[in-house]
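Quick notes on the structure that follows.
The values are calculated or read from the model by the stated rules, or taken from the named source; none is laboratory data. Just so we're clear, the structure is a prediction, and the values are computed from it rather than from any experiment. No Cβ is skipped: glycine too gets one built from the backbone with ideal geometry, and neighbour counts run over all protein chains shown.
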Amino acid sequence: MLADLDVPYADTGAHMLSFALGLAPQEALAVLPVERGGLRVELRLLGASHQVLAGPVSETVACLTGRGSLPGRVRRALSSWSYEFAAEVTVHDGDPAFAGAVEELRARLSGRDDALTGTFPGSPYAVTALAVEQEPDGVAWRTWHAYPQTKEVVLTRSRLVSTR
């Protein structure tokens, strides 16, 4: 699903992102519910990035006051689930490389019923995208946050796997 968003994004670079588990659902600009492996996964685009609700997990990566910077890796045991999160930042050398990376991402996610891509006003490359992936004993998702000002793309990958 492609969403053309009509509000400016609140975060303008990777340095502004924070991570939180367990937050209540935040006000979303676009929402895509997806079923995978018996789990309902809700992909949520926020004005300040993303939130994913899946089983016992509420993952938020956004401009969150007082939460510190985005961690490279997080692991948690949640009752009968194992949760893993990883993040990396890629800085592209120049506008053509950055634009090409964002265009390739949009093409790869285009037409998928398990992906949500939001484009913010001001640049066709101001994009936040989320996509669900199947895991043998659970579910996974990836997110991308593209920042034209800094030519950064933040990639996150999360896994929620049953430990039963």
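Overview of results
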read-out: Residue that is nearest to the chain's Cα centre (by Cα), among those in the range 102-129 that are free of Cβ contacts under 8 Å to residues at least 60 places away in the same chain and farther than 18 Å from His92 by Cβ; value: Leu109
read-out: Lone qualifier among Ala86, Ala77, Ala24 - being within 29 Å of Ser162 (Cβ to Cβ) and part of a loop (DSSP other than H, G, I, E, B); value: Ala24
read-out: Single residue of the range 136-149 satisfying the filter (over 13 Å from the mean Cα position of the chain (by Cα) and buried (at least 16 other Cβ atoms within 10 Å of the Cβ)) that is farthest from Val102 (Cα to Cα); value: Gly138
read-out: Ala77 over 15 Å from Leu17 (Cα atoms), touching a strand residue (DSSP E or B) at 6+ places or on another chain (Cβ under 8 Å) and without any contact (Cβ under 8 Å) to a residue 40 or more places away in the chain; value: no
read-out: The range 103-121, subset out of contact with any Asp or Glu (no Cβ under 6 Å at 6 or more places or on another chain) and closer than 16 Å to Ser49 by Cα, residue surrounded by the fewest Cβ atoms within 10 Å (Cβ to Cβ); value: Pro121
read-out: Residues of the range 130-164 that turn out to be closer than 18 Å to Gly94 by Cα, in a loop (DSSP other than H, G, I, E, B) and of a type in the set (D, E, K, R), as a count; value: 1
read-out: Set Val91, Val161: member being modelled with pLDDT of 95 or more and hydrophobic (A, V, I, L, M, F, W, C); value: Val91
